[in-house]
Amino acid sequence: MASRGQRPEHSGPPELFYDKNEARKYVRNSRMIDVQTKMAGRALELLCLPEDQPCYLLDIGCGSGLSGDYLSDEGHYWVGLDISPAMLDAALDRDTEGDLLLGDMGQGIPFKPGSFDGCISISAVQWLCNANKKSDIPAKRLYCFFSSLYSVLVHGARAVLQLYPENSEQLELITTQATKAGFTGGVVVDYPNSARAKKFYLCLFSGPSTFIPMAQSEENEQEEARESTFTVERVPYRMARRGVVRKSREWVLEKKERRRRQGKEVRPDTQYTGRKRKPRF
């Protein structure tokens with residue numbers, strides 16, 4: 001286990017770091033669940049998928065399935081890939097709706113070309129920048145990952161990879177290999193002036209380059225610091241994640257605001273927004 005202040009990827013291979021004890025945190029630690037869910041929501045937002053249309057998505061480094069739960073809640077289907085047996089066991093215990101696959105993303109993604117409408121990844125890609133064996137060459141593993149990811153996406157699809165680069169050189173290594181594999185795109189940095197809330201999202205396009213969504217800042221959203229709490233039983237994720245009723249006024253306003261942040265044209269809000277219409281005869 002990583003000591004305080006040490007990066008997890010410096011502690012050894014991910015399949016050893018993410019053991020049963022670490023996997024338990026992703027099931028019982030309410031703050032960790034909340035952070036993972038928010039990052040998954042932001043990644044899905046940056047994918048800019050067609051509205052009200054279920055898509056088939058790939059979740060790289062799916063872990064215990066927290067990000068997959070968010071995808072399911074939004075009406076999408078997904079497949080999760082992870083190198084840690086303990087994390088996948090935790091996902092199975094939680095009865096996640098997606099399909100799960102044990103594998104090393106550095107050795108490529110074993111799916112047919114054009115299988116997925118999009119891809120998300122939460123806190124996984126930076127692990128490829130470390131050599132845990134003499135045979136591991138970070139640049140080659142990154143290229144193998146990105147080239148196979150490019151292949152399994154339909155033409156024009158996006159991949160949004162949230163990551164924690166150790167420094168600018170590591171971020172350049174990652175983006176260089178993604179470009180070499182055929183991707184275009186860029187990096188979105190949310191809360192760039194906050195040491196705690198700062199998040200990097202690598203937005204990749206498997207087709208012609210389009211607009212890069214705007215980053216979030218402290219001016220348009222405040223992140224609250226919360227203490228870690230533990231529960232003995234499994235948290236009912238889909239109910240606890242948010243109490244917004246689908247198709248309600250609050251749900252409609254939230255969705256419209258998300259579309260605005262994606263740079264899409266949205267009708268202005270009025271007193272009639274989200275109002276239920278009476279049935280016509």
Checklist outcome for this item: Among GluC sites (Glu not before Pro) in segment 12-86, those in a DSSP loop whose Cβ has at most 12 other Cβ atoms within 10 Å are E51
Item to check | K276, K256, K25, K134, reordered so the largest accessible area comes first (probe 1.4 Å) | outcome: K134, K276, K25, K256
Next on the checklist: Give the separation of the Cα centroids, segment 148-195 to segment 105-137, in Å.
Outcome noted: 12 Å
Checklist entry - For segment 39-48, what does the Karplus curve 6.51 cos²θ - 1.76 cosθ + 1.60, with θ = phi - 60°, yield as ³J(HN,Hα) per residue in whole Hz, taken in order and with x for Gly and Pro? => result 5, 5, x, 5, 4, 5, 4, 6, 5, 6
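The values are calculated or read from the model by the stated rules, or taken from the named source; none is laboratory data. Please read these numbers as outputs of a predicted model, since none were measured by experiment. Note: ideal-geometry Cβ built from the backbone for every residue, glycine included; neighbour counts use all protein chains shown. Heads up: the accessible areas ignore ligands, DNA and RNA and are worked out on the full protein's heavy atoms, side chains in. Shrake-Rupley method; radii C 1.70, N 1.55, O 1.52, S 1.80 Å.
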